[in-house]
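Presented below is the structure to which this report refers.
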Amino acid sequence: MTPAALRLLCAAPLAALFLTFPAMAQDRPVARTVQPRTPPMPKLPTWSEQIRIREGWLEQRHAMLQDMMRRHDIQMWIVVNEEFHDDPLTQYIAPPRPYTGNRDFFIFVDTGGPTLKKVAVTGYSEDNLKRFFEAPEEPRPINIVLPDLYDRYRPKRIGMGYGGRRGVTRSLTRDTYVDLVNLLGPEGQQRVVSAADLIEEYLDTRIPAEQPHYTKAVELTEVLARRALSNEVIVPGKTRVGDVRRWLYDAMWAAGVRTWFQPDLRVQRPGMGKATSRGFLAVAAESTTIHRGDVVHLDFGISVMGFDTDWQKMAYVLKPGERDVPAGLKAAMQNTNTLQDVVMKTYSRPGALVSDVYDSTMAEMKRRGITAQIYSHPIGNQGHGLGAAIDFRSAQRPELGAQGKRLRKGSYISIELNTRTPVAEWDGQEVFVMMEDDAVLGDDGWTFFRPRQERWYLIR
């Protein structure tokens with residue numbers, strides 16, 4: 001060793017020496033199970049490029065809208081974006097940029113001809129809107145535009161965002177509804193109907209150009225989840241659940257994305273009581289310290305380019321001297337992988353009733369002796385999206401209106417489920433293995449956007 005190299009080595013911080021010579025860190029044994037390599041962080045388009053790409057999708061979506069309106073017997077559809085109260089639909093029916101007017105109106109009219117009439121009523125004119133809507137240089141107020149459109153085209157049914165079971169289908173405020181029906185007059189008011197079913201089809205319909213970008217969003221979600229459930233973030237005996245959550249917030253900020261829900265962690269360990277919340281394993285308190293021998297579960301998703309992802313993964317914290325995950329935990333993960341296989345490939349096909357998929361899968365799990373729970377939901381533009389859900393709540397509650405829904409080819413879903421397995425190494429205590437992976441429906445069933453987890457993430 002040269003004198004210069006010796007001086008550099010002596011000056012290096014102790015932590016750096018451990019990074020250079022991992023074998024010296026006695027409390028981090030090398031595991032026999034080879035960890036899958038964390039993929040590199042995918043590079044996202046710049047914000048302006050994201051807007052350009054999404055505007056290209058908007059052209060394709062508008063091209064499909066007239067046929068959708070005809071299927072739902074709606075001749076006029078009105079979407080309203082309000083200042084400080086953005087309608088969640090706006091970024092999917094109009095250019096995805098900020099809208100700051102007191103009220104911005106987007107009106108679609110099926111005139112009976114080959115093309116859909118699209119009118120924007122905003123506070124001021126903008127080139128971006130003119131690409132997609134009739135938007136004059138000197139905008140006319142809604143109290144002139146709407147009565148004029150109604151008198152000219154006499155729509156039989158006028159769809160608005162109220163009366164649905166989900167937030168995005170009932171986002172119209174009461175004050176705006178009252179103002180609109182007053183502008184339509186007594187006769188027009190009788191023609192106003194809920195646009196909930198039209199909104200669901202519109203948001204549940206994916207276009208092929210979106211898939212590569214959604215795949216990248218899922219990949220970024222996976223990278224952040226793998227890093228969170230690793231020694232980059234977790235030091236056994238020191239790191240708390242709240243520390244991991246805060247790391248994820250900062251990592252998303254650095255990556256240029258946000259989230260649509262608070263990241264959750266659940267911790268299981270031998271002898272720990274099985275706290276539940278609404279039938280699910282309860283989220284761990286932020287003050288919970290992660291120890292060796294713990295099973296750690298992460299529920300996490302990101303928002304980017306008008307998409308939401310949803311992702312759940314499992315990690316095990318090796319005990320001193322352990323080089324691998326106990327056999328009982330491996331068997332528990334295999335049970336969840338088996339449940340994924342059955343729900344995704346055995347019964348799921350385009351056109352299948354979701355209640356049939358659920359009932360058949362649960363019957364198969366009972367036959368195999370696996371205690372299972374399924375609560376999968378549509379995903380895409382919203383994390384808990386609109387569409388057909390394979391969910392025990394839908395199957396058991398007809399009032400939700402989901403039993404008669406059928407799977408739609410090309411839809412995205414978050415395959416969310418769990419199994420409970422007694423683990424011998426934990427004196428027979430049941431361990432939940434909860435998984436959630438985003439997938440797309442093809443002719444042969446669901447296909448994950450990223451490979452599923454089949455081995456425990458290891459924290460040393």
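Among the residues of the stretch 138-152, is any hydroxyl-bearing (Ser, Thr, Tyr), in the same structural domain as LEU180 (by TED's automatic domain parsing) and out of contact with any helix residue (DSSP H, G or I) (no Cβ under 7 Å at 6 or more places or on another chain)? Full working, then the answer.
First, the residues of the stretch 138-152 that are hydroxyl-bearing (Ser, Thr, Tyr): 150.
This time we only want the ones that are in the same structural domain as LEU180 (by TED's automatic domain parsing), so: 150.
So of that shortlist, the ones also out of contact with any helix residue (DSSP H, G or I) (no Cβ under 7 Å at 6 or more places or on another chain) come out as none.
So far as the stretch 138-152 goes, no, none of its residues is hydroxyl-bearing (Ser, Thr, Tyr), in the same structural domain as LEU180 (by TED's automatic domain parsing) and out of contact with any helix residue (DSSP H, G or I) (no Cβ under 7 Å at 6 or more places or on another chain).
Condition first: within 25 Å of ASP110 (Cβ to Cβ), buried (at least 18 other Cβ atoms within 10 Å of the Cβ) and small (Gly, Ala, Ser). Can you find one or more residues in the stretch 178-186 that meet it?
Checked against the condition, which is being within 25 Å of ASP110 (Cβ to Cβ), buried (at least 18 other Cβ atoms within 10 Å of the Cβ) and small (Gly, Ala, Ser), the stretch 178-186 yields no hits at all.
Which members of the stretch 207-259 meet the condition of being surrounded by fewer than 21 Cβ atoms within 10 Å (Cβ to Cβ), of a type in the set (Ser, Thr, Tyr) and either outside any loop (DSSP other than H, G, I, E, B) or not assigned by TED's automatic domain parsing to the domain that holds LYS319 (or both)?
THR215, TYR249 - these are the residues of the stretch 207-259 that are surrounded by fewer than 21 Cβ atoms within 10 Å (Cβ to Cβ), of a type in the set (Ser, Thr, Tyr) and either outside any loop (DSSP other than H, G, I, E, B) or not assigned by TED's automatic domain parsing to the domain that holds LYS319 (or both).
Quick one: how many residues across the stretch 348-364 are of a type outside the set (S, T, N, Q) and either on the phi > 0 side of the Ramachandran plot or buried (at least 21 other Cβ atoms within 10 Å of the Cβ) (or both)?
Residues of the stretch 348-364 that are of a type outside the set (S, T, N, Q), as a first pass: 349-354, 356-359, 362-364.
Narrowing further to those that are either on the phi > 0 side of the Ramachandran plot or buried (at least 21 other Cβ atoms within 10 Å of the Cβ) (or both): 351, 354, 357-358.
Residues flagged as of a type outside the set (S, T, N, Q) and either on the phi > 0 side of the Ramachandran plot or buried (at least 21 other Cβ atoms within 10 Å of the Cβ) (or both) within the stretch 348-364 amount to 4.
Of all residues in the stretch 147-163, how many are of a type in the set (A, V, I, L, M, F, W, C) and touching a Gly at 6+ places or on another chain (Cβ under 9 Å)?
Here is the first cut: in the stretch 147-163, the residues of a type in the set (A, V, I, L, M, F, W, C) are 149, 158, 160.
The next check asks that each one be touching a Gly at 6+ places or on another chain (Cβ under 9 Å); those that pass are 158.
Qualifying residue count, the stretch 147-163: 1.
Pick out, from the stretch 318-432, the helices (runs of 4 or more DSSP H) lying fully within it that include 2 or more residues that are at pLDDT 95 or above and of a type outside the set (A, V, I, L, M, F, W, C). Break it down stepwise before answering.
Values: elements: 327-341, 354-368, 392-396.
Here the list reads 327-341, 354-368.
So which of VAL79, VAL121 ends up being surrounded by 15 or more Cβ atoms within 10 Å (Cβ to Cβ) and either of a type in the set (S, T, N, Q) or in contact with a Leu (Cβ under 7 Å, 6 or more places away or on another chain) (or both)?
Within the list VAL79, VAL121, the selection yields VAL79.
Are there helices (runs of 4 or more DSSP H) fully within the stretch 65-167 with at least 1 residues that are touching a His at 6+ places or on another chain (Cβ under 9 Å) and in contact (Cβ under 8 Å) with a residue 12 or more places away in the chain? List them. Give the derivation first.
Working: elements: 90-93, 127-130, 142-153.
Fully inside the stretch 65-167 and qualifying: 90-93.
Could you look through the stretch 169-225, keep only residues that are of a type in the set (Phe, Trp, Tyr) and more than 14 Å from the chain's Cα centre (by Cα), and pick out the one that is nearest to PHE307 (Cα to Cα)?
The initial filter retains those residues of the stretch 169-225 that are of a type in the set (Phe, Trp, Tyr), namely 177, 202, 214.
When the remaining residues are screened for being more than 14 Å from the chain's Cα centre (by Cα), the result is 177, 202.
Numbers: TYR177: 28, TYR202: 14 Å.
Selected residue: TYR202.
For the stretch 390-405, check the following and say yes or no: at least one residue is within 15 Å of THR205 (Cα to Cα) and either of a type in the set (Ser, Thr, Tyr) or touching a helix residue (DSSP H, G or I) at 6+ places or on another chain (Cβ under 6 Å) (or both).
For the stretch 390-405, residues within 15 Å of THR205 (Cα to Cα) and either of a type in the set (Ser, Thr, Tyr) or touching a helix residue (DSSP H, G or I) at 6+ places or on another chain (Cβ under 6 Å) (or both): present.
Has the stretch 112-126 got at least one residue that is within 21 Å of HIS62 (Cα to Cα), of a type in the set (Asp, Glu), over 31 Å from the mean Cα position of the chain (by Cα) and modelled with pLDDT under 95? Before the answer, list the steps.
Pass one, the stretch 112-126, residues within 21 Å of HIS62 (Cα to Cα): 112-122, 125-126.
After this cut, where a residue has to be of a type in the set (Asp, Glu) as well, the list is 126.
Going one step further and asking which of them are over 31 Å from the mean Cα position of the chain (by Cα), we end up with 126.
Pick out the ones that are also modelled with pLDDT under 95 and you get 126.
Taking every residue of the stretch 112-126 in turn, at least one turns out to be within 21 Å of HIS62 (Cα to Cα), of a type in the set (Asp, Glu), over 31 Å from the mean Cα position of the chain (by Cα) and modelled with pLDDT under 95.
What is the residue count in the stretch 136-171 for residues that are hydrophobic (A, V, I, L, M, F, W, C), over 14 Å from ASN81 (Cβ atoms) and surrounded by 13 or more Cβ atoms within 10 Å (Cβ to Cβ)?
First, the residues of the stretch 136-171 that are hydrophobic (A, V, I, L, M, F, W, C): 142, 144-146, 149, 158, 160, 168.
From the residues that got through so far, the ones that are over 14 Å from ASN81 (Cβ atoms) too are 144-146, 149, 158.
This time we only want the ones that are surrounded by 13 or more Cβ atoms within 10 Å (Cβ to Cβ), so: 145-146, 149, 158.
Residues meeting the conditions: 4.
Spot the failing condition for ALA284; the list is (1) out of contact with any Lys or Arg (no Cβ under 6 Å at 6 or more places or on another chain); (2) free of Cβ contacts under 8 Å to residues at least 60 places away in the same chain, and only one is missed.
(1)
Can you name the residue in the stretch 261-295 that is part of a strand (DSSP E or B) and among the hydrophobic types (A, V, I, L, M, F, W, C) and is also modelled with the lowest pLDDT among such residues? Even if it seems obvious, please write down each step before you answer.
Applying the first criterion (part of a strand (DSSP E or B)) to the stretch 261-295 yields 264-268, 276-277, 280-281, 289, 295.
Add one more test, that the residue is among the hydrophobic types (A, V, I, L, M, F, W, C), and what stays is 265, 267, 280-281, 295.
On the way: LEU265: 98, VAL267: 98, PHE280: 88, LEU281: 91, VAL295: 98.
Only one residue tops the list, namely PHE280.
Considering the stretch 404-460 alone, what residues qualify as being under 19 Å from ILE390 (Cβ atoms) and among the β-branched types (Val, Ile, Thr)?
ILE413, ILE415, THR419, VAL433, VAL440, THR447, listed by residue number.
The values are calculated or read from the model by the stated rules, or taken from the named source; none is laboratory data. Every value quoted in this text rests on a predicted model; they were computed, and no experiment measured them. We place every Cβ from the backbone using ideal geometry, glycine too, and count neighbours over all the protein chains shown.
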